[in-house]
Amino acid sequence: MYNRPPSLSRITLGHPTLLDTRRLVALKSVAMIDTPAEPMFDRMTYLATRLLNAPTSLISLIDGNRQWFKSLVGLQDPWGTRRETPLSYSICQYVVTSQKPLALTDSRQVDFLRGNLGVSELNIVAYLGMPLTTANGQTLGALCVIDNQPRQWTMEEVDILQSLSETTISLIEMRAQIMASNH
């Protein structure tokens, strides 16, 4: 008997990892969603675009309904101004659900991204994303770079983004500790 796969929206919006209470509590505890831009995070996305020669870089934090950008370079409006998109535009959510890096040469050729509005409307073609995972093992989001043309990511580029993501999660955790000690 043939079982139809669940629709993409059901997979993304209802994925247990995205809705996991421990992950959402950890995300809330860092108190970063809906906060103003901060230079230390803006430096990370700036470095990612410069070092990897990519037009777009994002620090995305994924809650149960949306991806919110703590920092961004090169994201078109209205999403760049809003600093968030619904999950129907998100590729970073797959980094969160797998808790592993994701490298895509051409997202238009990837079955699980058919219908993803980030691919069709934002022209996300090549994508490289690294998980932002806390010391307690909770993946809060991703640091990613995006290109609008097909691209084979090199091991050096993967290593650079991995280092930047490790620095980013360290900054997130240090910021959370400082804020907690000030309250």
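The values are calculated or read from the model by the stated rules, or taken from the named source; none is laboratory data. Here the structure is a predicted model, which means the values were calculated and not measured. Glycine also receives a Cβ, built like all others from the backbone with ideal geometry; neighbour counts cover every protein chain displayed.
Couple of notes before you dig in:
- Checking PRO101 against (1) free of Cβ contacts under 8 Å to residues at least 60 places away in the same chain; (2) in contact with a Ser or Thr (Cβ under 9 Å, 6 or more places away or on another chain); (3) more than 19 Å from VAL25 (Cα to Cα); (4) of a type outside the set (Gly, Ala, Ser), the condition it does not meet: (1)
Let's see how each residue does on (1) in contact (Cβ under 8 Å) with a residue 12 or more places away in the chain; (2) under 21 Å from MET155 (Cα atoms); (3) surrounded by fewer than 20 Cβ atoms within 10 Å (Cβ to Cβ):
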{"site": "TYR46", "(1), (2), (3)": "yes, yes, yes"}
{"site": "LEU61", "(1), (2), (3)": "yes, no, no"}
{"site": "LYS70", "(1), (2), (3)": "yes, no, no"}
{"site": "GLY74", "(1), (2), (3)": "yes, no, yes"}
{"site": "TRP79", "(1), (2), (3)": "yes, no, yes"}
{"site": "TYR89", "(1), (2), (3)": "yes, no, no"}
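- Candidates LEU140, LEU122, LEU164: the one that is surrounded by 14 or more Cβ atoms within 10 Å (Cβ to Cβ) and at pLDDT below 95 is LEU122.
- Scan of segment 123-140 for residues that are in contact with a strand residue (DSSP E or B) (Cβ under 8 Å, 6 or more places away or on another chain) and either on the phi > 0 side of the Ramachandran plot or not small (Gly, Ala, Ser) (or both), ordered by number: ILE124, VAL125, TYR127, LEU128, MET130, PRO131, LEU132, THR133, THR134, THR139, LEU140
- Exactly one residue out of SER107, SER170, SER165, SER90 is of a type in the set (Ser, Thr, Tyr) and touching a Gly at 6+ places or on another chain (Cβ under 7 Å), and it is SER90.
- Residues that are within 20 Å of SER165 (Cβ to Cβ) and either in contact with a Gly (Cβ under 8 Å, 6 or more places away or on another chain) or polar (S, T, N, Q) (or both), drawn from segment 110-125: ILE124
- Of the residues in segment 35-57, at least one is modelled with pLDDT of 95 or more and assigned to a strand (DSSP E or B).
- Selection status of SER9, polar (S, T, N, Q), more than 16 Å from THR134 (Cβ to Cβ), at pLDDT below 95 and more than 13 Å from the chain's Cα centre (by Cα): yes
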